[in-house]
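Heads up, the thing below is written out as structure tokens.
The values are calculated or read from the model by the stated rules, or taken from the named source; none is laboratory data. Just so it is clear, the structure is predicted and the values come from calculations on it, not from any experiment. Please note: Cβ atoms are built from the backbone with ideal geometry, for glycine as well, and neighbour counts cover all protein chains shown. For accessibility, only protein heavy atoms count, side chains too; no ligands or nucleic acids. Shrake-Rupley method; radii C 1.70, N 1.55, O 1.52, S 1.80 Å.
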Amino acid sequence: MSRRPVSGGFSLGGSLSTVVRLLIAWNVIIFLVQILSGRFVRGLDVWLVYNLGLVPHDLWRGHIWQLVTYMFLHGEFFHILFNMLALWMFGSELEYLWGSKRFLQYYFFTGIGAGITNALFEPGAIYPIIGASGAIYGLLLAFALYFPNRPILIYFLFPVPAKYFVIIFGAIEFFASIQPGRSGIAHLAHLGGLVFGWVFLRVIPWRWLDRRRRSGKRQIYDIRDYRDLDDHRKL
């Protein structure tokens, strides 16, 4: 399991870690397929979104694969740009900290959980949900728990400690989710990413489960194990 020393101060993610690099590559490849497919085969881009995107109405009728595939589709250039930028900024450091296997488990757990959350609250919805944002919000929560005092630039302008950053954006998503009407943004999925991230990190007894599988071999999964030197308080 790989480790990398961490330090305080501003961070833009450092070097790309292995799984993060692969996730970004696949997201970009599939985004290009989305764009080009409609130009070569009329309507194919729409077909991809409605069959590989998450449509709650179809999910409850057996389209289980959509819980995974929806995370690799994006609506437009800035949608994928900001998601992949956040994946690099928060994901690489977490992968260096946890190791690739646990990072990948967390990424898909929060991404799938985000999709389930949206489908539970809007079970009859027939419009597709696409994007990695649910998993990205899960990464944001984990980053804030491990590095609560690490400054994050809001809109690349205003530095805010990670613990307050996640509270601010969590509150924004909550109030946006209870507003009437559709905004075109899956706020419930974002909240689901935060909730499932919390469950993964603070509720599921990973240490106990790992001890049963590998007796005597300590794992690096607990939030209390690793902290920046300038992080002294929990979120």
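If you take all C-alpha pairs in segment 73-131, what percent of them are over 12 Å apart? Result: 73 percent of Cα pairs exceed 12 Å. Cα-based radius of gyration for segment 120-173, normalised by 2.2 N^0.38 Å, reads 1.39. Using the average count of surrounding beta-carbon atoms within 10 Å as a protection proxy, the listed peptides 186-194, 101-109 rank, highest first, as 186-194, 101-109.
Summarising the label geometry, the points placed 7 Å from Cα in the beta-carbon direction at LEU157 and ILE126 lie 4.2 nm from one another.
Accessible surface of VAL199, taken over heavy atoms with a 1.4 Å probe and every protein chain present, rounds to 50 Å².
Segment 77-150 and segment 13-65 have Cα centres lying 15 Å from one another.
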